[in-house]
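Note sheet for the following structure.
The values are calculated or read from the model by the stated rules, or taken from the named source; none is laboratory data. Computed from a predicted structure; not experimentally measured. No Cβ is skipped: glycine too gets one built from the backbone with ideal geometry, and neighbour counts run over all protein chains shown. Calculation scope for accessible area: heavy atoms of the full protein, side chains included, ligands and nucleic acids excluded. Shrake-Rupley method; radii C 1.70, N 1.55, O 1.52, S 1.80 Å.
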Amino acid sequence: MKLSRCLLISLICILVSGAPLAQDNITDTHQSDFYQERLSFWEAKKALDANNLASFKNFVGQLQDYPLVGYLQYDYLRTRLANVPDKEIQDFLERYSDSPITVRLRAAWLYVLARNERWQTYLTTYQPYPGEQGVALQCYALQARLSTGNAASPAQDWLDEAEKLWLVGYSQPDECGPVFKTWRNSGRMTNELIWQRIRLAMANRQLSLAATLAKSLNAEDQQWVKRWQAMHNNPQDTLDAPGFTGDSELGREILRYGIKRLARTDAEAANDHWQRIKSEYPFSANDSASLEKEIAMSAVLEFLPEASDWLAAVHPDQVDERVRQWRVRAALAKQDWQTALQWIDALDASESEKEIWRYWRARALEQSEPITGDPAQSNAATPSPKAQAEQIYADLAAQRSYYGFLAADRLGKPYVIKNDPIVATPQEMAAVTSVPGNVRASELYQLGLITDAAREWDFTVARLEVRQQQVAALLAKRWGWYDRAILTTAKAKHMDDLALRFPVLFREQVLSQAQTQALDPAWIYGIMRQESAFSIDARSSAGALGLMQLMPDTGKRMGKLLAVPLRNTSDLLEPDKNIQLGSGYLRRVLDANDGNEVLATASYNAGPSRVKQWLPTNSSLPADIWVDNVPFSETRNYIQQVMTYTTIFTDRLGQEITSLGKRMPTIKPPEE
C-alpha cells in the first residue's frame, strides 16, 4: 500500500467526518477517537512497504494502545517468519489468541517450520485447520512425528492416520507426498486399497486421479479402469458395448455406474438399458433396488410421466427422505390429491411436522370439500377434511413465512408480519462494544479494511453467548454494517427483528430504478436481500458480484444496453451501478417470462434456459405446486425466500401488501 501523505490525510479526514466508507447511515460515536492513531497506522504501513524498518518500529512504538497495532505486527512478522526469534512469534500468538490474525500467522509459521524441518517446534506449535490447508498441515504434523520419533509408539496409529488421509476420492496436497511414500513403503498399500480409492475417485468424477492410481495395477486391471472411464465419458454407447465378455463383480459394478451416470441426463434411456441388461447379469436384489431408485429419482426431476409410478415402486429398503418427499411432489404435479395425501401420511413424523408438508396436507384435504364458515364452530367428534384443512391453514397463517402467507391466502386472511425488535440496555451495549475483537472490527471497518473487519467480527461473534450476539447485531447496525447485522441476528436465532433483518437501504436508488424499469421496489429488495444480504463487496464462488450478484458478462451486457460505462469488472461492486444494472436485468427476465414474477425470479437464479425446461408440458399448474417441483433445491428455496422477502419489504416500505396468490400466477406450458 503506497499512499502519499496528502492522500492519507484526505482519507482520514473522510473517515473522521463520518462519511460512509462501506454502507449507508454509518453512525459510530467512537470514530473520531483515533484520529492521530489512524494517521500513524497508515504511515506505519507505508514505512513497512518501503522497508523503512526504523520508521515503522517508531510508529508501532507510538501505537501500543491502538486496537490495530497487532495488525501492523502481523504485517511485519508474516514476511520474516524464518528470520525473527521464535519467542517474538510465540509472544504474538499468545497475545492475540483472540484474533483471526493469530490463526493466519500460526499457519504461515507452520509452513516455514516444515520447510526448515524444525519438527519439534512444529509439533509444539501445531493446531488443526479446516480445508485443504488443514490437510497439508496435518501431513506435515505426521512427518514431524515420524522425524522426531513420535510415530514409533504406537506406529499403528501413525499408519492408520496416513491411510485415512490417502483413502479419499480426490488428490491431496503435495505436502502429503513424503507421508504417503512412507506409508506405501510400509507395505500397507494393497491392490484392494488402490481399487477402493479408484472407486472413490470415479464416484467423485476424478478421472485423472483414477488413471494415476491405475498405474500401480497390473495390465488387466488397468484395462478395467479404462472401461470404467469410457463408461463415464459415454454411458449410452458403452452400455451397448461395454467391452467385456462374461460376468464379473467388477463388470457389474461398471454397468451399475453407467446406468446411474446415464440416468443423470436421460432417465428414460437409462431405464431402457436397465430393462435389457438386468436379465443378462446376476445383479443382487439390493443392487437392482438401488438402481431403480436412482432411475425413478432422475425421472421425477425430468418430469417424466412414469416418474410417480416408478417412485411408488421403489423397494421399501431403498426409501429415504428424498424418495418420500418426491413421491408427494410427483403426486402434486399430477394434482392427484388423494395420492399426495397418502404419501404425506407416509412421511416420517419429523418430516410431516414441517410447514411445507402441513401446508400440502391442508391443500390435499381442501380438495375434499370447499372451505366455508369458521373452523371454530365445528363440534364434530371427527373434524371433516374441510375443518382439518382450515385448522392447519389457521395455524400456519400465524407465521411470517412462505407457507404461512400461502395459508393466509387460502383463508382470505391478512398476513401476520411479526416484528419483535432486539432491545439492549446501555450497559449491555457498552459491554459488547468493548469486547477487544469488536473494537478491532470496528476500527478495521472504519478504515475501509472490510475483509479483515469481517474476519475479526466473525471470529469474535462466534465465541459470544447468544444474548451477546443479539446485542452485537444491534452494534453492527449502529455502525451501518448491515450484512453483519443480518448474519449475526441469524446466528443469535432472533428472526423477528425486521429492522435488523430487512433494512431499507439504498432507498433512493432502488425507488428510482423501480420507477425507470417499471418494477415493484419490494421485489428488487427481495432479490437483493437473498442475493447478498446487502453486502456491497459480496463475491460468489461462481464470480457474481455486488448487491444483486451480477455475473461479469451479464453486467457488461446490461452496461451496453443501458449506456452505463464500466471501466472494469470491479465497477459492478459500486452500489449505484449494481442496482441499476441488476434492475435492468430483472426487467428483461420479467419480460422474457411474460411478466410472471415467479418464473423471472427462478430465471434470475438458475438462468432462463433452465427455467424453460421446467415449464409444464401439457396443462397449467398452480404456482405453489410448480415451485415445489422445481428440481434444483437451491432455486426452489430461492424462489420461496424471494417471495417471502418481497412481502416483508412491501410492509417495510409502507405499501399495501400484494398477496402471494396474486404475485404467483398460474404457470402455463410454453405453447399456451
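Could you pull out the residue among L511, L519 that is in a loop (DSSP other than H, G, I, E, B) and at pLDDT 95 or above?
Sole residue among the options that is in a loop (DSSP other than H, G, I, E, B) and at pLDDT 95 or above: L519.
What number goes with the only condition from (1) surrounded by fewer than 21 Cβ atoms within 10 Å (Cβ to Cβ); (2) assigned to a helix (DSSP H, G or I) that L615 does not pass?
Answer for L615: the failing condition is (2).
Any chance you could count how many residues in segment 633-642 are in contact with a helix residue (DSSP H, G or I) (Cβ under 6 Å, 6 or more places away or on another chain) and of a type outside the set (S, T, N, Q)?
Our first condition is that a residue be in contact with a helix residue (DSSP H, G or I) (Cβ under 6 Å, 6 or more places away or on another chain); within segment 633-642, this holds for 635, 638-642.
Of the ones still in play, those that are also of a type outside the set (S, T, N, Q) are 638-639, 642.
So the count comes out to 3.
Restricting segment 562-603 to residues that are closer than 15 Å to I524 by Cα and in a loop (DSSP other than H, G, I, E, B), which is least open to solvent (accessible area, probe 1.4 Å)?
N596
Name the one entry in E268, E294, E302 that is modelled with pLDDT of 95 or more and within 30 Å of the chain's Cα centre (by Cα).
Working: E268 fails: within 30 Å of the chain's Cα centre (by Cα); E302 fails: modelled with pLDDT of 95 or more.
Among E268, E294, E302, only E294 is modelled with pLDDT of 95 or more and within 30 Å of the chain's Cα centre (by Cα).
Restricting attention to segment 61-78, which residues are within 28 Å of Y129 (Cβ to Cβ) and over 33 Å from the mean Cα position of the chain (by Cα)?
Residues satisfying the conditions are V69, Q73, Y76, L77.
Any chance segment 543-561 includes a residue that's in a loop (DSSP other than H, G, I, E, B) and loosely packed, with under 12 Cβ neighbours inside 10 Å?
So far as segment 543-561 goes, no, none of its residues is in a loop (DSSP other than H, G, I, E, B) and loosely packed, with under 12 Cβ neighbours inside 10 Å.
Restricting attention to segment 353-372, report how many residues are at pLDDT 95 or above and over 16 Å from W626 (Cα atoms).
Initially, segment 353-372 is screened for residues at pLDDT 95 or above, giving 353-365.
Add one more test, that the residue is over 16 Å from W626 (Cα atoms), and what stays is 353-355, 358, 361-362, 365.
Counting residues in segment 353-372 that are at pLDDT 95 or above and over 16 Å from W626 (Cα atoms) gives 7.
So, in segment 373-411, of the ones that are part of a loop (DSSP other than H, G, I, E, B) and at pLDDT 95 or above, which residue ends up nearest to the chain's Cα centre (by Cα)?
Going through segment 373-411, the residues part of a loop (DSSP other than H, G, I, E, B) turn out to be 373-374, 378-384, 397-401.
Right, trim to at pLDDT 95 or above and you get 397-401.
On the way: A397: 29, A398: 29, Q399: 25, R400: 23, S401: 21 Å.
The residue in question is S401.
I need the full set of residues from segment 487-526 which are under 21 Å from the mean Cα position of the chain (by Cα), within 25 Å of I450 (Cβ to Cβ) and open to solvent by 10 Å² or more (accessible area, probe 1.4 Å), in order please.
L487, A490, K491, H494, R501
Taking segment 631-672 as the region of interest, how many residues are within 29 Å of the chain's Cα centre (by Cα), outside any loop (DSSP other than H, G, I, E, B) and not small (G, A, S)?
22
Please state which one of S609, S659 is of a type in the set (G, A, S), out of contact with any Cys (no Cβ under 9 Å at 6 or more places or on another chain) and closer than 21 Å to A518 by Cβ. Steps first, answer last, please.
Numbers: S609 fails: closer than 21 Å to A518 by Cβ.
After ruling out the rest, the residue left standing is S659.
Just to verify a result, which residue in segment 137-180, among those that are open to solvent by less than 20 Å² (accessible area, probe 1.4 Å) and small (G, A, S), is nearest to E192 (Cα to Cα)?
Going through the qualifying residues, I end up with G169.
Condition test on D247, is it acidic (D, E), open to solvent by 70 Å² or more (accessible area, probe 1.4 Å), farther than 19 Å from M297 by Cβ and part of a loop (DSSP other than H, G, I, E, B)?
Yes, satisfied.
Residues of segment 111-136 being open to solvent by 50 Å² or more (accessible area, probe 1.4 Å) and more than 32 Å from the chain's Cα centre (by Cα), which ones?
Once the filter is applied, which keeps residues that are open to solvent by 50 Å² or more (accessible area, probe 1.4 Å) and more than 32 Å from the chain's Cα centre (by Cα), segment 111-136 yields R115, N116, E117, R118, Q120, T124.
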